[in-house]
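Chemist: My structure is below; once you've seen it, I'll send some questions.
The values are calculated or read from the model by the stated rules, or taken from the named source; none is laboratory data. Worth saying up front: this structure is predicted, and the values here are computed from it rather than measured. Quick reminder, even Gly has a Cβ in these numbers, built from the backbone with ideal geometry, and neighbours come from all protein chains shown.
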Amino acid sequence: MVNFNKRSYILICGAGSIGIRHAKNLIYLGYKNIIFFSKRKKILIGNKEYKTYSSLKNLLKKKSPKIAFITNETSKHIDTAIKCANHNCDLFIEKPLTHKGKKVKKLIKIINKKKIINMVGYMLRFHPIIKLIKKLVNEKKLGKVFHFYSEWGEYLPNWHPNENFKKSYAANKELGGGALLTLSHDIDLMQYFFGKPKLINFKKYKFGLKINAETSVNIFIEFKNNLSGLIHVDYLQKKTERYLKIVGNKLNLKFFYLKNLLEINQNNRVRRIRLKKFKRNDLFMNEIKYFLRNCKKRSVCSPSIKEAYLNLLDLKLI
């Protein structure tokens, strides 16, 4: 692919909340030529109306975008990405990559042949405290890590109060929804911190919301050197809970996401690091800055589509 610039077309496939967020961030960064593949007839951002196409085939032929952000339903990710890759678009795919492994190998083959820069959007990897935890783990500051616990609970009906949550992709198994994949950030982070897992077991539960996908999941993961831990995710907690604990024989870490607070406990002496100016959108801004920079440099991104695919296979999620 020819290197792009700020006058190049960037395609957003899917105009839900995350697609619009990426579009706004791209516009803020100076990328004005945003086009949408969407059923919506028009999209207004600020005072400007943006062009939409209902036919991806026609859009790709007429506009030849350099980059495609795949932000539609999980069940449509791979088919959409294959079409864009065949037109030489670099690819940013929102997490989760897919809910089925079918056709992913075909996509990876096209990516390798055309040398397409690609990335899956696990934005929590770009959180300053997550980066600090990664650094502490890599530098073995925690000593021997032997346990972790992660919890993320939110009330699904509160995500988009003006919409019927039962019709959202997150609530529908056939669209790739369900708590396990939709809230899979912490599963990704444990692999980011500790590498390839040895063993995984999980139990899905379906109650509380009358949807056709799981509403609560408990996950046990074991890594090498007897490191193991638990991850809990659910759609049921009306008071959002986001918490991570990592236990080593030198340091214990506790990260309270909603407070942007990290506690480092060493010999019962607690050091607290709090981000006072941090905003949630910084995560999305930082990840697309990283992706765009790598597109310009033609450098490999992490997590790549292949990396995310292998992680899902390792965890038996597809």
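Chemist: When the residues of segment 258-276 are filtered to those that are outside any strand (DSSP E or B) and in contact (Cβ under 8 Å) with a residue 24 or more places away in the chain, which remaining residue is nearest to the chain's Cα centre (by Cα)? Talk me through it step by step, then tell me what you get.
Modeler: First pass over segment 258-276, keeping only residues outside any strand (DSSP E or B): 258-260, 267-268, 275-276.
Then keep just the ones that are in contact (Cβ under 8 Å) with a residue 24 or more places away in the chain; that gives 260, 275.
On the way: N260: 19, L275: 22 Å.
Ranking the candidates gives N260 first.
Chemist: Another question, if that's okay. Would you confirm, using the coordinates I've provided, whether F223 is in contact with a Pro (Cβ under 8 Å, 6 or more places away or on another chain) and aromatic (F, W, Y)? Explain how you work it out, then say what you get.
Modeler: Details: in contact with a Pro (Cβ under 8 Å, 6 or more places away or on another chain): yes; aromatic (F, W, Y): yes.
Yes: the conditions hold for F223.
Chemist: If a residue has to be without any contact (Cβ under 8 Å) to a residue 40 or more places away in the chain, surrounded by fewer than 17 Cβ atoms within 10 Å (Cβ to Cβ) and on the phi < 0 side of the Ramachandran plot to count, how many in segment 29-52 make the cut?
Modeler: Residues that pass the stated criteria total 11.
Chemist: Is there a residue in segment 285-295 that is surrounded by 17 or more Cβ atoms within 10 Å (Cβ to Cβ), in contact (Cβ under 8 Å) with a residue 24 or more places away in the chain and of a type in the set (D, E)?
Modeler: yes
Chemist: Answer yes if at least one residue in segment 50-69 is part of a strand (DSSP E or B) and touching a His at 6+ places or on another chain (Cβ under 7 Å), and no otherwise. Show your work before the answer.
Modeler: At the first step, the residues of segment 50-69 found to be part of a strand (DSSP E or B) are 50, 52-53, 67-69.
From what is left, the residues that are touching a His at 6+ places or on another chain (Cβ under 7 Å) are 69.
Scanning segment 50-69, I find at least one residue that is part of a strand (DSSP E or B) and touching a His at 6+ places or on another chain (Cβ under 7 Å), so the answer is yes.
Chemist: Here is a further query. One residue is enough: does segment 225-240 have a residue meeting the conditions among the hydroxyl-bearing types (S, T, Y), within 21 Å of the chain's Cα centre (by Cα), surrounded by fewer than 14 Cβ atoms within 10 Å (Cβ to Cβ) and at pLDDT 95 or above? Spell out the reasoning first.
Modeler: Let us first name the residues in segment 225-240 that are among the hydroxyl-bearing types (S, T, Y), namely 228, 235, 240.
Filter once more, keeping what is within 21 Å of the chain's Cα centre (by Cα): 235, 240.
Now drop any that are not surrounded by fewer than 14 Cβ atoms within 10 Å (Cβ to Cβ), which leaves 240.
Subset that is at pLDDT 95 or above: 240.
Yes, segment 225-240 has at least one match.
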